[in-house]
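What follows is a short report on a single structure.
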């Protein structure tokens, strides 16, 4: 392995002109020089192509219909040559020095499939909201949550191929599904460096399609583990009964959401009802004082 292996970075984009240039500049301004940068555009009509033409010669780009974000990333990967692979969505950015730090960690720890670092959640204007809630790599924890900051992750090329790339049928929770499949064969190294930002805005799937994200997340864990944990079930029920975004507008608990989670969770986990009922009671017991106080303060008709 050379001291400065080629790093291939793919950015999938479709009508993201408002953010695309910032993502591009965050890649092209990296101090690590051996980077191959590919932008896969899904046929944008919002001025994205004009932005891409400004950077001719500094990146490669392709524009045309695709089957969505996962398909675009996979196609970009197949066009790439780097020993290290990463993808950066058009509304996310790398922090200065991110690629160099990632490569150094990967070369120093060859026994891992790749690395992921810390990241910041940002507003639409790029201002920081908070730290991304990353956690040390834990195979069992993946059964209940996705704790890896995707834009802050870098993988060895052969690992991405071996795991089967991204599932082109998924348009949400695509990274969650990939991490679960990867964890069945490999381990990732969590590093403490801040490497990227993940933008929270109302055009993103995380906020605009919150219900779909939870629903697909439930389907993903059911496919891999045969069980959907309470927190995912409860999160989905909150999207059904409460249209707040859950990030900028926290969703308060309510008896209706809690009871709906029992019904829906029992249905999804009908092969393991006792396990879910135990979890529902144990987690719900911690929420119960707040639910009781809400019940006393507000008319039942106003719940959730």
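The values are calculated or read from the model by the stated rules, or taken from the named source; none is laboratory data. No experiment lies behind these values; they were computed from the predicted model shown. As a convention, Cβ positions derive from the backbone with ideal geometry for all residues, glycine included, and neighbour counts pool all protein chains shown.
For the range 206-214, check the following and say yes or no: at least one residue is part of a helix (DSSP H, G or I), in contact with a strand residue (DSSP E or B) (Cβ under 9 Å, 6 or more places away or on another chain) and under 22 Å from residue 11 (Cβ atoms).
Yes, there is a match, as at least one residue in the range 206-214 is part of a helix (DSSP H, G or I), in contact with a strand residue (DSSP E or B) (Cβ under 9 Å, 6 or more places away or on another chain) and under 22 Å from residue 11 (Cβ atoms).
Inside the range 4-19, can you point out the residues that are farther than 23 Å from residue 155 by Cβ and either part of a helix (DSSP H, G or I) or more than 19 Å from the chain's Cα centre (by Cα) (or both)?
15, 17, 18, 19
So which of 177, 245 is touching a residue at least 12 places away in the same chain (Cβ under 8 Å) and in the same structural domain as residue 122 (by TED's automatic domain parsing)?
Among 177, 245, only 177 is touching a residue at least 12 places away in the same chain (Cβ under 8 Å) and in the same structural domain as residue 122 (by TED's automatic domain parsing).
Please go through the range 26-49 and pick out each residue that is touching a residue at least 24 places away in the same chain (Cβ under 8 Å) and assigned to a helix (DSSP H, G or I).
26, 27, 28, 48
For the range 177-205, name all the residues that are within 23 Å of residue 124 (Cα to Cα) and under 12 Å from the mean Cα position of the chain (by Cα).
Hits for the range 177-205 are 197, 198, 199, 200, 204, 205.
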